[in-house]
Amino acid sequence: MRDNPTIAFAVDIKADYIGFIVDFPKSPRNITREELLRKAKWMRNNHDGNYKIVAVTVDMPLENIEFIIDSGLVDVIQLNGNEHISICRLVREGIETWKAVDSKKPLSEEEIITLGKSVDKIVLDSGSALEKARNTSPAFSNTDLYNAFIKQNTDVILSGGLDINNIEHYLEELDPFIIDISRGVESAPGMKAKQKMMEFMDKVNRFYSFERRKDEEE
């Protein structure tokens, strides 16, 4: 997210998590740490809700991450670069921590177990941070890796190439714990479209409402 009116709209349609890409100028969605904290403070002061604020970082120096944590305005740090597992563990000591994993890269069972134990949630993505910034990452396809994390009782966030046209497929096949969407609700790189946001949210809510009704009937 970048502009305040769209942020407010995301709160109004009851997005659970609202994310900001921080200090990564290669991304068209980038804002600075100072902008993040101003927006987070504005959100807290003007928009009540159960949302959590996520700061998405890419190989950010640890002292800069600690600066964000110490502000007390952010709920989650998402590590989206090549951060060592030791960094993941250090960050997790101070705040809920998510680690993005490029699903195109092979992982051993040991690596899957170690990653899952070192952070609170795994963001299983379809590309690298640079690919995401350039809008060149493909649609998510590595269901084997997804299921390998699930097998280890890891909370998995599904990300990458999701949009209103394919989300039902992913919901039916994977039933993701959290859905992370960005370019799928944009009119141009970095510009969120309210209509697309609403349509996407409606489709997800309708799916889970139907599933709940079906379970109750059974």
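The values are calculated or read from the model by the stated rules, or taken from the named source; none is laboratory data. Keep in mind that this is a model prediction, so the values were computed, not measured. Cβ atoms come from the backbone with ideal geometry, glycine included; neighbour counts cover every protein chain shown. Ligands, DNA and RNA are excluded from the accessible area calculation, which covers all protein heavy atoms including side chains. Shrake-Rupley method; radii C 1.70, N 1.55, O 1.52, S 1.80 Å.
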Margin query: Any residue at all in segment 57-64 that's in contact (Cβ under 8 Å) with a residue 40 or more places away in the chain, closer than 29 Å to ASP202 by Cβ and surrounded by 16 or more Cβ atoms within 10 Å (Cβ to Cβ)?
Written below: no
Next item on the list: Determine, yes or no, whether SER209 is assigned to a helix (DSSP H, G or I) and polar (S, T, N, Q).
Entry: yes
Next item on the list: Considering every residue within segment 25-42, establish whether at least one is closer than 23 Å to GLY190 by Cβ, in a strand (DSSP E or B) and either touching a strand residue (DSSP E or B) at 6+ places or on another chain (Cβ under 7 Å) or open to solvent by 50 Å² or more (accessible area, probe 1.4 Å) (or both).
Entry: yes
Next item on the list: Mind listing whichever residues of segment 172-190 are outside any strand (DSSP E or B) and either crowded, with 18+ Cβ neighbours inside 10 Å or aromatic (Phe, Trp, Tyr) (or both)?
Entry: PRO176, PHE177, ILE181, SER182, ARG183, GLY184, VAL185, GLY190
Check: Of the numbered conditions (1) of a type in the set (A, V, I, L, M); (2) in contact (Cβ under 8 Å) with a residue 40 or more places away in the chain; (3) in contact with a strand residue (DSSP E or B) (Cβ under 6 Å, 6 or more places away or on another chain), LEU124 satisfies every one except a single condition; which is it?
Finding: (2)
Notebook entry, point to check: What about ASN142, is it surrounded by fewer than 18 Cβ atoms within 10 Å (Cβ to Cβ) and not acidic (Asp, Glu)?
Noted result: no
Notebook entry, point to check: When you look at ILE95, is it open to solvent by less than 50 Å² (accessible area, probe 1.4 Å) and free of Cβ contacts under 8 Å to residues at least 40 places away in the same chain, yes or no?
Noted result: yes
Next item on the list: Select from segment 1-24 the residues that are buried (at least 16 other Cβ atoms within 10 Å of the Cβ), touching a residue at least 60 places away in the same chain (Cβ under 8 Å) and within 14 Å of VAL185 (Cα to Cα) and list them in ascending order.
Entry: MET1, ARG2, THR6, PHE9, ALA10, ALA15, GLY19
Notebook entry, point to check: Restricting attention to segment 113-131, and to residues there that are open to solvent by less than 30 Å² (accessible area, probe 1.4 Å) and among the polar types (S, T, N, Q), which single residue is farthest from the chain's Cα centre (by Cα)?
Noted result: SER118
